[in-house]
Amino acid sequence: MKKTTTLILIVTLILALLFTSCNGASEIQTPLPDGETQTSMPSETTTSEPASTPIPTIESTPSPTPTPEPGPAKVQLLNSPDSTGNTHFASSHYGLHITYGNELISVMNYLTILQHGDDIYLLPDSIKDFEYQAEDLQFYTGLLYFLLYDWDNSVYYLYSYDYDNEPVKISDSTVYHYEFINGKIYFTKEFYQGPIFSMDLNGGSEMQISTMRAHSFVHSEQAVYFYATDAGTAPGLVKYDLATNEETTVVFPFYSHNYLVHNGYVYYALDGGTYRSIHRMSLSDQTVTDIWVEMTDWTISMNISDGVLYMLVGDSIYKSNLDGSGRTEILKAEDNLQSGLYIFGDRIYCADYDFIYCSKTDGSEVSMFSFNVLQ
């Protein structure tokens, strides 16, 4: 009987060991004869150090980069030397006030400066915090120059503006018409005719240039040309040579206020009452070529750009060869255009009393912007 009991105990122990091995138990239970069990922990054959807890990495969050405000893209607009620039006739300061600042077109709309860029169809952006009714804009040496009317004294003064700070008054001298020539400002002082003066860009070293009186003037190469009523028994076109300081009457008589000088010719408009006309005269022998005769439209502005004559007449813009041949219409407005025809590179800017027009010089890609929308 004892042998049988012992055999059963041995078999049971073997089966228990096999069962534990197959199930991977961490504890071994040994059966005892009286049916109780004894639990023992398996012995460790290797000593392992506890795993170290990783230190969390704290990544710094970069400050967000401020997004620049959207604005017009810069544009490069260049004219060849065979151009007069934008020294068009201005019988008064009413009209389109516009200039090009080497990157953007600046347009004055009452009290708001607008900037037009590379996209010819994109609405111009306005410059905030500018509350001046600027007239006769010109961009020179990184500054925007303009005339501001003094209502108390009924005169104009010249100011400069850097787009960041308040505009700076250039001089206490009044300025009616001005041009930048050879690093100086040449100007007339009043609406009525008076001498031409010059001064430094900061308003210093003012001096009288001409003895005869001018209302406005143009410059070509190294000379200033102006219409003068005191040139003799009749008005004449007077030349002031910037190199020699000589003042001579080059065309006599001369009855046009609306003219420009280019490559030895004076281009001018005449008002005959019912009809108006455009002509070209040689300054060397005063021979005349008719550009356009017997037109009925009142407003006329001229510009020469890249060897082509452009004419604003009534509600349209035309271009022709310099002798007047090959005249074609390249832009037609909704209404009669204002005085002023501006050409920057391959772009034309003009305006009627409701819209600013912009087009390529070949008449393509015409866009228009309402003055009311832009305010």
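The values are calculated or read from the model by the stated rules, or taken from the named source; none is laboratory data. The model shown is predicted, which means the values in this text are computed figures rather than measured ones. For neighbour counting, all protein chains shown are included, and Cβ atoms are generated from backbone atoms with ideal geometry for every residue, glycine included. Quick note on the areas: whole protein, heavy atoms, side chains included, nothing else; ligands and nucleic acids left out. Shrake-Rupley method; radii C 1.70, N 1.55, O 1.52, S 1.80 Å.
Taking the condition touching a residue at least 24 places away in the same chain (Cβ under 8 Å) and touching a Pro at 6+ places or on another chain (Cβ under 6 Å), does Thr229 pass? I'd like the intermediate steps shown before the answer.
Numbers: touching a residue at least 24 places away in the same chain (Cβ under 8 Å): yes; touching a Pro at 6+ places or on another chain (Cβ under 6 Å): yes.
For Thr229, the condition - touching a residue at least 24 places away in the same chain (Cβ under 8 Å) and touching a Pro at 6+ places or on another chain (Cβ under 6 Å) - is met.
Cβ-Cβ below 9 Å, separation at least six or inter-chain, first residue in segment 184-212 and free of Cβ contacts under 8 Å to residues at least 24 places away in the same chain and within 17 Å of Ser160 (Cβ to Cβ), second open to solvent by 30 Å² or more (accessible area, probe 1.4 Å) and part of a loop (DSSP other than H, G, I, E, B): which pairs?
Note: pairs meeting the criteria are Lys184/Asp200; Lys184/Leu201; Lys184/Ser205; Ser198/Ser205; Ser198/Glu206; Asp200/Gly183; Asp200/Glu206.
Of all residues in segment 115-135, which are modelled with pLDDT of 90 or more and either surrounded by 22 or more Cβ atoms within 10 Å (Cβ to Cβ) or not in a strand (DSSP E or B) (or both)?
Result: His116, Gly117, Asp118, Asp119, Ile120, Tyr121, Leu122, Leu123, Pro124, Tyr132, Gln133, Ala134.
Kindly establish whether Gly95 is in contact (Cβ under 8 Å) with a residue 40 or more places away in the chain, in contact with a Phe, Trp or Tyr (Cβ under 6 Å, 6 or more places away or on another chain), under 25 Å from His219 (Cβ atoms) and among the small types (Gly, Ala, Ser).
no
Please determine whether any residue of segment 148-155 is of a type in the set (A, V, I, L, M) and buried (at least 19 other Cβ atoms within 10 Å of the Cβ). Full working, then the answer.
Step one: filter segment 148-155 for residues of a type in the set (A, V, I, L, M), giving 148, 155.
Retained after the next criterion (residues that are buried (at least 19 other Cβ atoms within 10 Å of the Cβ)): none.
No.
Can you name the number of the only condition in (1) part of a strand (DSSP E or B); (2) touching a residue at least 40 places away in the same chain (Cβ under 8 Å); (3) open to solvent by 10 Å² or more (accessible area, probe 1.4 Å) that Ile278 fails?
Looking at each condition in turn, Ile278 falls short on (3).
Just one of the numbered conditions (1) closer than 17 Å to Ala243 by Cα; (2) touching a Pro at 6+ places or on another chain (Cβ under 7 Å); (3) not basic (Lys, Arg) is not true of Ala223; which one?
Among (1) closer than 17 Å to Ala243 by Cα; (2) touching a Pro at 6+ places or on another chain (Cβ under 7 Å); (3) not basic (Lys, Arg), Ala223 violates only (2).
Give the residues of segment 317-328 that are more than 18 Å from Phe344 (Cα to Cα) and either part of a strand (DSSP E or B) or touching a residue at least 24 places away in the same chain (Cβ under 8 Å) (or both), sorted by residue number. Before the answer, list the steps.
Taking segment 317-328 and keeping what is more than 18 Å from Phe344 (Cα to Cα), we get 321-328.
Result: Leu322, Asp323, Gly324, Arg327, Thr328.
Suppose the filter is assigned to a loop (DSSP other than H, G, I, E, B), under 27 Å from Ala223 (Cβ atoms) and of a type in the set (Phe, Trp, Tyr); does Phe191 pass it? Before the answer, list the steps.
Numbers: assigned to a loop (DSSP other than H, G, I, E, B): yes; under 27 Å from Ala223 (Cβ atoms): yes; of a type in the set (Phe, Trp, Tyr): yes.
Here the answer is yes, as Phe191 does meet what is asked.
For segment 80-114: of the residues being of a type in the set (Phe, Trp, Tyr) and open to solvent by less than 60 Å² (accessible area, probe 1.4 Å), which is modelled with the highest pLDDT?
Step one: list which residues in segment 80-114 are of a type in the set (Phe, Trp, Tyr), which gives 89, 94, 100, 110.
Now restrict to residues that are open to solvent by less than 60 Å² (accessible area, probe 1.4 Å): 89, 100.
Values: Phe89: 69, Tyr100: 95.
Among those that are of a type in the set (Phe, Trp, Tyr) and open to solvent by less than 60 Å² (accessible area, probe 1.4 Å), it is Tyr100.
If I ask for residues that are among the polar types (S, T, N, Q), surrounded by fewer than 20 Cβ atoms within 10 Å (Cβ to Cβ) and under 21 Å from His88 (Cβ atoms), which ones from segment 186-207 would you list?
Gln193
For Gly183, state whether it is open to solvent by less than 60 Å² (accessible area, probe 1.4 Å) and more than 21 Å from His88 (Cβ to Cβ). Walk me through it before giving the result.
Numbers: open to solvent by less than 60 Å² (accessible area, probe 1.4 Å): yes; more than 21 Å from His88 (Cβ to Cβ): yes.
The answer is yes for Gly183.
Identify all residues within segment 239-275 that are in contact with a Phe, Trp or Tyr (Cβ under 7 Å, 6 or more places away or on another chain), part of a strand (DSSP E or B) and open to solvent by less than 20 Å² (accessible area, probe 1.4 Å); write none if there are none.
Matches in segment 239-275: Tyr259, Leu260, Val261, Val266, Tyr267, Tyr268.
Residue by residue through segment 208-238, note down the ones that are open to solvent by 60 Å² or more (accessible area, probe 1.4 Å) and outside any loop (DSSP other than H, G, I, E, B).
Gln208
Are any residues in segment 148-174 aliphatic (A, V, I, L, M) and assigned to a strand (DSSP E or B), and if so, which ones? Spell out the reasoning first.
The first filter runs over segment 148-174 and keeps only residues aliphatic (A, V, I, L, M), leaving 148, 155, 158, 168, 170.
Result: Leu148, Val155, Leu158, Val168.
Looking at segment 329-375, which of the residues that are among the polar types (S, T, N, Q) and in contact (Cβ under 8 Å) with a residue 24 or more places away in the chain is surrounded by the fewest Cβ atoms within 10 Å (Cβ to Cβ)? It would help to see each step written out before you state the result.
Quick first cut of segment 329-375, residues among the polar types (S, T, N, Q) only: 336, 338-339, 359, 361, 364, 367, 370, 372, 375.
Narrowing further to those that are in contact (Cβ under 8 Å) with a residue 24 or more places away in the chain: 336, 338-339, 359, 361, 367, 375.
Details: Asn336: 15, Gln338: 17, Ser339: 21, Ser359: 20, Thr361: 19, Ser367: 15, Gln375: 11.
The selected residue is Gln375.
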